[in-house]
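In what follows, a structure is listed as structure tokens, so that the remarks can point back to it.
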Amino acid sequence: MTLPAEVREKLAELELELSEGDITQKGYEKKRGKLLAPYIPQIQGVDPSLQIDNRIQASSQAVHPGSKHNKSRAPNTRDERFRSDLHTEAVQAALAKYKERKMPMPSKRRSVLVQSSVEACTPPDTSSASEDEGSLRRQGRLATSTPYQGHGHPAVEHWFNRVIQGSSTSSSASSTSSHPGGRSVTTTNTTRSSRHTERPQVASVRGVSRGYNHHTTVMETADGVPVNSRVSSKIQQLLNTLKRPKRPPLREFFVDDFEELLDVQEPDPNQPKPEGQQMSPLEGDHLGLVNKWPPSLPAALQRWGTTQPKSPCLTALDNAGKPVYTLTYGKLWTRSQKLAYTLLNKLSTRNEPLLMPGDRVALVFPNNDPVMFMVAFYGCLLAELVPVPIEVPLTRKDAGSQQIGFLLGSCGVTLALTTDACQKGLPKAQTGEVATFKGWPRLLWFVTDGKHVVKPPKDWHPPIREASNDIAYIEYKTSKEGSTMGITVSHSAMLAHCHALTQACCYTEAETITNVLDFKREAGLWHGVLTSVMNRMHVISIPYSLMKVNPLSWIQKVHTYKARVAVVKSRDMHWSLLAQRDQRDISLSSLRMLIVADGANPWSISSCDAFLNVFQARGLRPEVICPCASSSEAMTVAIRRPPEMGVPPPGKAVLSMGGLSHSVIRVDTEEKLSVLTVQDVGQVMPGAVVCVVRVEGTPYLCQTDEVGEICVSSGSTGVAYYGLPGMTKNVFETIPVMSSGVPISDRPFTRTSLLGFVGPDNLVFVVGKMDGLMVVSGRRHNADDVVATALAVEPMKFVYRGRIAVFSVSVLHDERIVVVAEQRPDASEEDSFQWMSRVLQAIDSIHQVGVYCLALVPANTLPKAPLGGIHISETKQRFLEGALHPCNVLMCPHTCVTNLPKPRQKQPEVGPASMIVGNLVAGKRIAQACGRDVAQLEDNDQARKIPLVLHSLLFSFLYIQDVLQWRAQATPDHPLFLVLNAKGTVASTASCLQLHKRAERVAAALMGRLNTGDHVALVYPPGIDLIATFYGCLYAGCVPVTVRPPHPQNLATTLPTVKMIVEVSKSVCILTTQAIMKLLKSKEAAAAVDIKSWPMVLDTDDLPRKKSPQMYKPPTPEMLAYLDFSVSTTGILAGVKMSHAATSALCRSIKLQCELYPSRQIAICLDPYCGLGFALWCLCSVYSGHQSILVPPLELESNASLWLAAVSQYKVRVTFCSYSVMEMCTKGLGSQTEALRLRNVNLSCVRTCMVVAEERPRIALTQSFSKIFKDLGLSPRAVSTTFGCRVNVAICLQGTAGPDPTTVYVDMRALRHDRVRLVERGSPHSLPLMESGKILPGVKVIIANTETKGPLGDSHLGEVWVSSPHNATGYYTVYGEEALHADHFNTKLSFGDTQTMWARTGYLGFLRRTELTDASGERHDALYVVGSLDETLELRGMRYHPIDIETSVIRSHKSIAECAVFTWTNLLVVVVELEGSEQEALDLVALVTNVVLEEHYLIVGVVVVVDPGVIPINSRGEKQRMHLRDGFLADQLDPIYVAYNM
């Protein structure tokens, strides 16, 4: 049964409303449901509620099979230029070859799904696939969902069944997995970490709660560790499916040299090569001489306008297909004259005419108003102005609109002509004038149908001249890169082109022609506006908006007006097929020529064939179909002639795609799957010479069986690109040469950007366009061909209206193919993933090329070209900028990146002895350096007249606690410490005596309870309590262990660390404050740890004022003084033992380096719990007697300026901070320097500001800090860094004397091979490294080979070894692993100086002798730290430092706040924190993969996008990558998106 006509009409109107955006998707469905409700049960006997095409099915019941038909979108959703049965079958056959390979699906946070639902991001649609396609949907789509019963054409019938039903059967795999909405969630395995708190649930989608895909399975990783998570099982799946990259055999060229050579792909010796002779240029017929031919186009208009004024010129139709207005030649002539007169005489500025002949004028006319356009165009020609037709700008941010503005600016356009209706619809500024569009020049808008157009006086006549070489008009064209050029066409070329078209198409006077194309440019303009006037033809112009409502309209008009010629595109033929059953009584017998303007698209052949099959019964003769080839530059290149001209029969070629990818023509015989069927585009135009030249390099003529770019030489091509002489020379003035290098003629040729060849009978064949050409590893692929393959994979089910964009991006010195498709709003995650994997397989099979990235975006979100197609260059731009916002992404770098350098093979090690000899021969000194001599410095001190007694006393103290007792007696009231609170006021102070007294009280409390040598954990916030209890422990003979207190708001993660340190350090007692004591035993604490197993806890808030009986005197200075515990960045808790001797030596070294005396003040903004921070906070002031201003870093969270304000207030010369403090200041105060200046913050007092760190100096941070606070007087030389590690907490420290820290640039690629290669600043792959401060007095440093333990030469990369009196004496570990201890703390060189004991720092670095001199007058040796050995990633035989990869990643997109990388099995995992909307999450995947490939030659295995703050960072501001890795594997990160790169 069929729907009544009025219902169908209403449905069509609804479709139009939806596509124009006048109605929302919901409203559309509601209204449509109402219209169809009475008929649906009669059609399929299904409950009407199921019939309504709900986009988002929140129902969890299975969808009734009956509703499958109307779920399939109107069949024309698919872009039919690319449709071919053979190809579809080939694709399906290729896919059948693949076993269903299981790939891991990306995991996505449900809220990301919510956002890509159709209401959220579907702007109104006017669309279909590529460049200039529009779209429409068929009327009454239910009515036609029965298979078409037709005219005994089995192929068509079979095809129609497929088209109309839509592919209602899903592929085998997707039909087995149910809709995610219907999946019941039963997670039997609940072993996920109990500490992980779920985020609040985000609104569920399709009735699925957010965590629905937490199917956990216990499985083992590759190294046999049982893992329990969805992430890891997916990675495991991925590991199982990774195919070895397809690569041809590699040359064994890799030399272990500095250069990492990218693999150069050797051409395949078996690839096909052209074998034919050199082609000879092909000449068209001679341009015949016509006696009555007018001398120019305006002359023709004058002639017809005066002799045949009643003759119809142009009929315009409205959206219902009714003729609105017929413009006669008389009217066109008079109206054009009026406009010409007005433009030249009535527009003036300051009494000067606004326009002079030859000026350019923009024509802005909508596609449904050909009459006004024609009047404006000829008006300009008569006034000798140059029209520049452009699209109507709809919004201020149209795709490509900026480039159009650039074109108008470069053409010097100041006036735009438009219609009244169009002018009213343009976006307006507040003043009511037309808004200025981005990148556009200032324009005056003139309305051509308004009252300002006046009649010329009787004596005024437009100048009608003979056609000259002056510019007649400028046609715009958008290049592959998105830039817009203006192609200038001269009067003589315009005339010659009309002449050639007339001769080729046998146009006769007063013929009727139907034009469906855009009349502003290309074939629509040439046939429908120019040649038609030359021959006084009658044009029926079919507007695009009418085609959307009624795709049959052009055929009906051909029938009604008995048109002899129709100018269409293949999509118009395809659309009419879908609706043709409604019309029984049409006849196409009047047509003598059906010009297919995009006949050069190889995929147009199927539309032509199908159209002929159907309409042959309606009078269409097969020979009438005339494909033509044209380009904006060369105008019409070739056209199939009408049969009456006695031309050879049309040709068809079935070519091998493999051959074409090598630019060779091979008629395919054996491999039936990957073929391209092309039809000829007829003969060369009259008066033209055509040849085919090589695409790259010198334009040599091709061989006869070779594909190249078609070039034309004739009087009827464009002349130049306006204002671009260089490009013009390239394109419009090519001189093709023979293989001997001799030019084929002295006439210049114009490149057409069409790729093709000349076939038998001198027929021209086109196989693609330069714009769509993608050269991957030396083979050429055409974007249109790839689109066709992607569309052949069940498009109806999945791709929204066949909208697919294919382009290539350059990554790592080769083109990589990117496919972007709009997915239907009702597609499920499973469907998407299924479709994506099948597309990858199909393209791989048919084109033998890998797809680098496949992205799906929500329906209607790709940028549109003027006629609704996809704007390719803008899509590519968005992809590269990370602004595409896809809802699904699949990257496959493993299969398509085949030019990575070969993995590095380790060379057989050279022995350490030969290394030394090698260095000596090369004149290199051994890399060894030491700080100044302590004894000598002490002599200098005496020379400074420090009272001798005091001096010798100070250096005779072996124990720091003795120094405190001595100071308490000698200078009791001297202030040592001053602690500031968040307000910047003094919270507490301590003088020498006060500190001593408080320590005594603590000692008295401990002595009765504990034995000497017991370990005591001090759990205090930063302050004087911590310092006093530390000395109290020393007085009592106990060993203090400082521990950071747990964070009350985050007990779950911080308390276990406290517990661990207390247990590992074997502390028998905890000293703390009352508040923390309560916290340790609270109910909340019990949830995180076992609170019953705490040792004895004492609070020291109110200790009795008791003196301890006697102080404990350690028997030898080698006794243990304190334990220093710290969690390394690799997540290892390591405690080191510090002896009394080492403690005093450390203080002495720092005192000498920083010149610390009792009269000094220093400011410290560090955590006081471990390393140098602890030493500066608790030890140095007591030893040297200077006053320390203590700023707890935590207070900066509430007052970022606290530290700098204190430095300024106390006029501090030396200050210490951590990277996290520096970051807080740069981020928090960057914009407030002016306000700080007003508060009199002045940093000019600072001589040295040292960052305490155990890592490579962060140059970017220190430089931005210096730059920001330069305004407050901070000297750029002041900021430097220190270096320490577990074996020695202070190796380097800038101090007050000595040269400024130097910076060198090293080649990052050489570092990966453990080599240092110095390069110039700014050279590619350069990495700046800053010296880590000066080596401390008494410290010796050497660089040793990590494998052989032999010494290395100057500027060689190796492990930093250190020897000094303040080295720690060993690790204090639970099990006391002696081997670890011996190796790290007492190592000897295997050669050279084999006596000295060294400690291994575990850091890679190098020493370099500089030109500078240090304080002693010697040349200064700089130590550069590159990074921790434990952290490095071994990948492809090379050593990578995570920070280098992370720096690249953070730079790749503005929304990446932080990044951390680690490896899992052999995959590189990149975790990025997204600062921005979750919709941007998937944009990051491709950018991250690109940047790591480009800069590090690594393929990222997994990209994890998380919320800000997920990457754990310790108190020193270092990333805890191993914690992150554990969280990732245990599935505790709650990622926004996890992408597995195939």
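General remarks:
- Taking every protein chain into account, the accessible area of region 806-884 amounts to 21 square angstrom per residue (probe 1.4 Å).
- In this structure, the residue pairs whose Cα-Cα separation is over 27 Å, taken from LYS520/LYS652; LYS428/LYS520; LYS1059/LYS1349, are LYS520/LYS652; LYS1059/LYS1349.
- Charge sum, other residues only, whose C-beta stays under 15 Å from ALA1290's C-beta, Lys/Arg counted +1 and Asp/Glu -1: +4
- Sorted peptide list for 1489-1496, 1206-1213, 497-504, 90-97, criterion being average Cβ within 10 angstrom, highest first: 497-504, 1489-1496, 1206-1213, 90-97
- Accessible area (Å², per residue) of region 554-632, counting only protein heavy atoms and a probe of 1.4 Å: 26 Å²
- Packing here is the average count of other Cβ atoms within 10 Å per residue, and on that basis the peptides 1177-1188, 646-657, 1057-1068, highest first, run 1177-1188, 1057-1068, 646-657.
- Between region 332-381 and region 1075-1138, the alpha-carbon center distance in angstrom: 90 Å
- Percent RCO, i.e. relative contact order, over region 1003-1119, from Cα pairs under 8 Å lying at least 6 residues apart: 30 percent
- Relative contact order %, region 509-609, counting alpha carbon pairs below 8 Å whose residues are six or more apart: 29 percent
- Whole-number percent relative contact order across region 1160-1223, with pairs defined as alpha carbons under 8 Å at least 6 apart: 46 percent
- Mean accessible surface per residue for region 1147-1197, computed with a 1.4 Å probe while every protein chain stays in place, in Å²: 18 Å²
- Local net charge near GLU644, Cβ-Cβ under 13 Å (Lys/Arg +1, Asp/Glu -1): +4
- R0 of 51 Å, Cβ-Cβ distance SER1323-ASN1011: FRET efficiency to nearest 0.05: 0.20
- Against the empirical 2.2 N^0.38 Å (N residues), region 1269-1350 has a Cα radius of gyration ratio of 1.34.
- Sorting the segments 1299-1307, 405-413 by their residues' average number of neighbouring beta-carbon atoms within 10 angstrom, most packed first, yields 405-413, 1299-1307.
- Lysine pairs with alpha-carbon atoms under 27 Å apart, region 1074-1173, spacing 8 or more or separate chains: 7
- Per atom type, region 343-443 shows carbon and sulfur on 49% of its accessible surface, probed at 1.4 Å.
- Net +/- balance of residues flanking VAL434 in space, Cβ distance below 13 Å, scoring K and R +1, D and E -1: +2
- The overall shape of region 1457-1532, judged from the alpha-carbon gyration tensor, is oblate: a/c is not under 1.5, and a/b is no greater than b/c.
- Distance violations [Cα-Cα > 24 Å] among LYS876/LYS1227; LYS480/LYS864; LYS548/LYS876: LYS876/LYS1227; LYS548/LYS876
- Distance from the C-alpha centroid of region 548-605 to that of region 1271-1323: 74 Å, rounded to the whole angstrom.
The values are calculated or read from the model by the stated rules, or taken from the named source; none is laboratory data. Nothing here was measured: the structure is a model prediction, and the numbers come from that model. Quick reminder, even Gly has a Cβ in these numbers, built from the backbone with ideal geometry, and neighbours come from all protein chains shown. Heavy atoms of the whole protein, side chains included, go into the accessibility calculation; ligands, DNA and RNA do not. Shrake-Rupley method; radii C 1.70, N 1.55, O 1.52, S 1.80 Å.
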